[in-house]
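Colleague: This is the structure I have questions about; it appears just below.
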Amino acid sequence: MASSSRSLALALLFSFLSCYAPVPSLASSDSSASFTTVLVSSVRNPRLFTPTTVRPLVIVTPTNASHVQSAVVCGRRHDVRIRVRSGGHDYEGLSYRSERPEVFAVVDLNKMRSVRVNQSAGTASIDSGATLGEVYYAVSKASKQLAFAAGLCPTIGVGGHLSGGGFGMLLRKYGAAIDSVLDATLVDAEGRLLDKKAMGRDVFWAIRGGGGESFGIVLSWKVKLVPVPPTVTMFKVPKTLDEGVVDILTKWQVVALALPEDLFIRVVVQKDAAEFQSMYLGTCDALLPLMGSRFPELGLNRMHCKEMTWIQSVPYIYLGSTAAVEDILNRTTSLDGFSKATSDYVVSFVKNSIADPYGGKISGFPESATPFPHRGGVLFNIQYMNFWPAATDGSAQTKWLKDFYAFMGPYVSSNPRQAYVNYRDLDLGQNVVVGNVTSYNAAKVWGQKYYKDNFKRLAFAKGKVDPDDYFRNEQSIPPLVVRK
């Protein structure tokens, strides 16, 4: 039986690669010398890359839209499904691996990463394979007073980030990254190249936060850039139990959402200590009296303030105070440590988390404006993470995470218990395929946690653009088709 399955896989592989005869360097088969190098190039968590990992039959690395269209047409022809990778940051690795045995290919967009900034229009056209670091760097080269309001980690791929929502230090001032999307280019399940007008209102709505890969392959995005002042002020203030961190956190819950939109203060909590990390769109001279009147418990003083440009804040907040701006162009990450994460939207605070306060612009949109529904009424998003070395099996750490998630139940959102899709967690539920189509009822288990009431509209959008469910994974949107 194993020999028969292998022969079938090899036959499919030969057929798939034959689609790329004119440009063989675009595809790496699982038997080629370059395959492992290409596969590992964007693996961010070694927990998801082991000897038992279900790997793709072939990895396609296109350089233009026609290559992606050919991959889709070829995959449909030979019944090889496609998964899509831009930066490799999917928390469960679904862009390059499968939970179950299946024959699939990966379209890796890392060679499609152009960033074109129109300074006069205040817009940028960005290929999905670009990282946030590459986008931020290109924007800063075009203008010192324009920015893109998106996430903190510079190695995140734009395609996946925008597909799930995307937020960072500018979320209170300018909202989520998807709130700035003006247009996009999509290759659908038929291999057609569609812009905003061609894909239609429902599908354009769906790709802005409805999760990566469900509706096709988004090749590029046109986004609105946002103004930033020539000087921003950053601070990182650590506090321990002996310094009254519990009382400070209590006050932070009260003030974080009510502060001016120009001020964002997040909290990273580890064991019995917390670090308050902030960006203020202005100078230290303006920030100090504001903090003194609104949040004196933190004890901010001039020594804490670090004035810099917006682009300098990117490496400072994520890579550390000694990092240079050019460091955000580094696409590689260490594979030394394993990790597992999940998320909540909470109404009271407990330890061991990363918390991002909402309020301001991100809360000003109605829940139905985009598939990302976490808007008004949300106090903050909380991410739970645990890490362990490769020498251990991680069972104790993953058990702690599950137990802590269960403990948090009474303190967080409910009916549904909300989660952020870009912090994907397969423990929330996985798809069930019935009759070669993903079950809507089974998918609701996890889908309503990520999307609330938007989930059903996403399923109808999926039914319009991919009714046969060609693009699917363990947490892809199932198709609902309106029968006439």
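Colleague: Specify which of the listed residues (33, 65) is at pLDDT below 90, surrounded by fewer than 22 Cβ atoms within 10 Å (Cβ to Cβ) and among the hydrophobic types (A, V, I, L, M, F, W, C). Talk me through it step by step, then tell me what you get.
Modeller: Working: 65 fails: at pLDDT below 90.
None of the others qualify; the one that does is 33.
Colleague: Could you go through region 432-450 and let me know if any residue there is touching a Gly at 6+ places or on another chain (Cβ under 8 Å), in a loop (DSSP other than H, G, I, E, B), open to solvent by less than 10 Å² (accessible area, probe 1.4 Å) and closer than 24 Å to residue 47 by Cα.
Modeller: Taking every residue of region 432-450 in turn, none turns out to be touching a Gly at 6+ places or on another chain (Cβ under 8 Å), in a loop (DSSP other than H, G, I, E, B), open to solvent by less than 10 Å² (accessible area, probe 1.4 Å) and closer than 24 Å to residue 47 by Cα.
Colleague: Mind counting the residues in region 351-366 that are over 26 Å from residue 394 (Cα atoms) and at pLDDT below 85? Explain how you work it out, then say what you get.
Modeller: Just the residues of region 351-366 that are over 26 Å from residue 394 (Cα atoms), to begin with: 356-366.
After this cut, where a residue has to be at pLDDT below 85 as well, the list is 356.
Adding up the residues that qualify gives 1.
Colleague: Report every pair of residues separated by at least 6 positions or lying on different chains whose Cβ atoms are under 7 Å apart, first residue within region 354-374 and more than 19 Å from residue 162 (Cα to Cα) and touching a residue at least 60 places away in the same chain (Cβ under 8 Å), second acidic (Asp, Glu) and surrounded by fewer than 18 Cβ atoms within 10 Å (Cβ to Cβ).
Modeller: Matching pairs, first to second residue: 360/261.
Colleague: Moving to a separate point now. Residues being assigned to a helix (DSSP H, G or I), charged (D, E, K, R) and buried (at least 22 other Cβ atoms within 10 Å of the Cβ): count how many of those fall in region 416-431. Let's see the steps before the verdict.
Modeller: In the first step, residues of region 416-431 are kept if they are assigned to a helix (DSSP H, G or I); the result is 421-423, 426-428.
Now drop any that are not charged (D, E, K, R), which leaves 427.
With buried (at least 22 other Cβ atoms within 10 Å of the Cβ) added as a condition, the list becomes none.
Final tally of qualifying residues: 0.
Colleague: Please return the ranges of helices (runs of 4 or more DSSP H) entirely within region 97-189 where 1 or more residues are open to solvent by less than 30 Å² (accessible area, probe 1.4 Å) and without any contact (Cβ under 8 Å) to a residue 24 or more places away in the chain. I'd like the intermediate steps shown before the answer.
Modeller: Numbers: elements: 132-142, 158-164, 171-174.
Qualifying helices (runs of 4 or more DSSP H): 132-142.
Colleague: Still on this structure, please answer the following. Would you check if residue 397 is out of contact with any helix residue (DSSP H, G or I) (no Cβ under 6 Å at 6 or more places or on another chain) and open to solvent by 10 Å² or more (accessible area, probe 1.4 Å)?
Modeller: Yes.
Colleague: Can you say whether residue 460 is in contact (Cβ under 8 Å) with a residue 24 or more places away in the chain, under 27 Å from residue 195 (Cα atoms) and part of a helix (DSSP H, G or I), as far as the supplied structure shows? If you could, list the steps in order and put the result at the bottom.
Modeller: Numbers: in contact (Cβ under 8 Å) with a residue 24 or more places away in the chain: yes; under 27 Å from residue 195 (Cα atoms): yes; part of a helix (DSSP H, G or I): yes.
In short, yes.
The values are calculated or read from the model by the stated rules, or taken from the named source; none is laboratory data. Note that this is a predicted model, so its numbers are computed, not measured. Virtual Cβ from ideal backbone geometry, glycine too; neighbours counted across all protein chains shown. For the accessible areas, the whole protein counts, side chains as well, though only heavy atoms, and no ligand, DNA or RNA atoms are used. Shrake-Rupley method; radii C 1.70, N 1.55, O 1.52, S 1.80 Å.
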